[in-house]
Amino acid sequence: MATYYVDPAAGGANDGSDWTNAWVDVQTAFDTAVAGDIVYCRGTQDISTTAIVDVDVAGGDTVTGHIHFIGCDAGGTARAGQFTIDANGGGGAQKANCLNVADFDRLMIENFSFTGASGDGVIVSAGNPEYWVWRQCAFYSNGGDGFDGANKPRFGLFIRCVAYSNVDGFANTGTTMRFVFCTSRNNSSEGWNYNSGVTYIGCLCFENTTDNLSLYSQNMVFGCVFDGCTNGSGVLFAAARYGNVIIGCRGTNNGDHGIEQGAAVGESNIEDWNLFHNNTNGDLQNIVGGIHSYGDDGNHIADPAGDGYVNAGGDDYELDTTATHRRTAVQLDWDLGSPTVAYYVAGGLVPTDTPGVGGVVEGAYAEGAWL
Amino acid sequence: MTFSHRNFSFQDPPCSEGDVFEHCNVMQLQPATAICVGVAGLTFRHCNLVNCQVPGDATVEHCNAAQISRCAHLHKKWELPAEPDNCPHVTSTDEVWIDGLLVDTTYHREDTVL
């Protein structure tokens, strides 16, 4: 198992052996590394002067493991979102994508940012790649989606990733994917879109434009927050979509409904132990209200007095000490390396229903950049 | 005033002289949409300025200013003008012919970067 280094600003031998002699093009690393290798990357790769980065040579395996790319800060310390692939760095012509995944399994991408594409930041263009792990990556300010799994990746995992200021944040992510403590916000369409068979745990989805979370079928959503969608709902199930489970979440301050089901009752989607508040057109549409939820549905316990956040307007989704259904609060402080980019994610499901008793795991993941 | 991490998609953002926009989404529906008309001294930093036309004296740093013609078929929830099936965004078609009759056409479409 080898270790390599990438630094577009390096001026040494360009052989990837250490920071001084790092490869100046991350494409070289994607073309060279094999199963079990680790590639440390720092700085910004301006691909406007080169080409879209392709993953089309090799993947990890079940014997030696993943190929592991780790973004680092200028001092060489691994840190969230630190290595940037910029499709519009200014040196040349803007590229359609930052990264094109054309098959191969078992890569782990950690601490990367993908930005500036005229299309999708990351696109899965071929091959149904499996067992990828994305950790502490950012997908932002792209002309298309932040991450587009157009060719249906499978069995993948996103941990503490963030997508913002794209068309959709995460789209077509494929079945059997997992999102844990991720954020999708301020996108021009959906936070998450076109997904089936996906599990969401402790995710934060807010201030997207058309709907926060738009689902197909058989998704499981636990301990997430859907707040402040401009024109749409917190969660949308299109007509004839079925088998979705929404538990321990908060659907608040959305421009349409908290949960909207695009067909009459009977589509076998379930919500319970949730909290809804201040959704413009009512908390639920066409879905039976859970008897342990708070909201304005006839089955709900009561309409809560507030959303319970410390300051939703200031993007602080930690729950205050008096919040109803406070169980859904896990404070997560993820530092992208800029004081203006700090995310608090409220999420996490705890089985008891007594506010303040076993209901809040504050600080459990508050160690900064590392999970 | 500084606006940070806000979503101003498809709207003219609130602008006063000297305002700073950081990590904001100001994406517009139609190419070359003028925003903040007549407001001086603006700064846009790490923003999504797709389809925006900012004031001439604005400072633009590390922003995405691509101009993109959006397909109404691909973005049904956006308020784009209706387009025919065979719109300018069609990149290819798949036709099904039976006994000399065209019975179905599948259109493959993409947004167009201008």
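The values are calculated or read from the model by the stated rules, or taken from the named source; none is laboratory data. None of the values given here were measured: they were computed from a predicted structure. As a convention, Cβ positions derive from the backbone with ideal geometry for all residues, glycine included, and neighbour counts pool all protein chains shown. When the accessible area is computed, the model is the full protein with side chains, heavy atoms only, and any ligands, DNA or RNA have been set aside. Shrake-Rupley method; radii C 1.70, N 1.55, O 1.52, S 1.80 Å.
Quick look at the values:
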item	result
10 Å Cβ neighbours from other chains, averaged over peptide A:206-214	3
D (Stokes-Einstein, µm²/s), Kirkwood Cα radius, the range A:238-309, 0.692 mPa s at 37 °C	276 µm²/s
Calculated FRET efficiency for the pair B:ASP12/B:ASP104, C-beta based, R₀ 45 Å, to 0.05	0.60
Accessible area in the full protein assembly, largest first, 1.4 Å probe, for A:THR64, A:THR280	A:THR280, A:THR64
Cα-centred dipole magnitude for the range A:1-47, charges only on beta-carbon of K, R (+1) and D, E (-1), debye, nearest 20	100 debye
Exercise: per-residue mean of other protein chain Cβ atoms within 10 Å, A:135-143	4
Shielding by other protein chains, B:27-38, mean Cβ within 10 Å	1
Among A:ALA2, A:GLY314, A:THR28 the positive-end extreme of the charge dipole of chain A (Cβ point charges)	A:ALA2
Calculated Rg and Dmax of chain A using C-alpha coordinates, Å	20.7, 70
Peptides B:91-99, B:44-52 ordered by average Cβ neighbours within 10 Å, highest first	B:44-52, B:91-99
Nearest-20 debye value, the range A:106-207 charge dipole, Cβ charges on Lys, Arg, Asp, Glu	340 debye
Solvent exposure, largest accessible area first (probe 1.4 Å, DNA, RNA and ligands not counted), of A:PHE181, B:PHE10, A:PHE139	B:PHE10, A:PHE181, A:PHE139
Contact order relative to length of the range A:174-263, as percent, for alpha carbon pairs under 8 angstrom and 6 or more apart	24 percent
Given charges at beta-carbon only (K, R positive; D, E negative), |dipole| of chain A in Debye	340 debye
Interface area, A with B, accessible, probe 1.4 Å, both sides summed, Å² nearest 100	1800 Å²
Residue (of B:TRP97, A:ASN253, A:THR77) at the positive-pole extreme of the protein assembly as shown, dipole from beta-carbon charges	A:THR77
Inter-part distance where the range A:36-77 and the range B:10-40 are each reduced to a Cα centre, Å	35 Å
Span from the the range A:195-268 Cα centroid across to the the range A:118-172 one, whole angstrom	19 Å
Eligible aspartates and glutamates near A:LYS152 by straight Cα distance, threshold 14 Å, same-chain separation 8 or greater	A:ASP103, A:ASP105, A:GLU130
Rg [Å, one decimal], Dmax [Å, integer] - the range A:4-57, C-alpha atoms	10.5, 30
Residues along the range B:64-107 losing 40 Å² or more of accessible surface when the other protein chains are present rather than the chain by itself (probe 1.4 Å)	B:ASN64, B:LYS77, B:TRP78
Accessible-area composition of the protein assembly as shown, carbon plus sulfur, in percent [1.4 Å probe]	51 percent
Accessible solvent surface per residue of chain A, calculated while the other protein chains remain in place, 1.4 angstrom probe, Å²	33 Å²
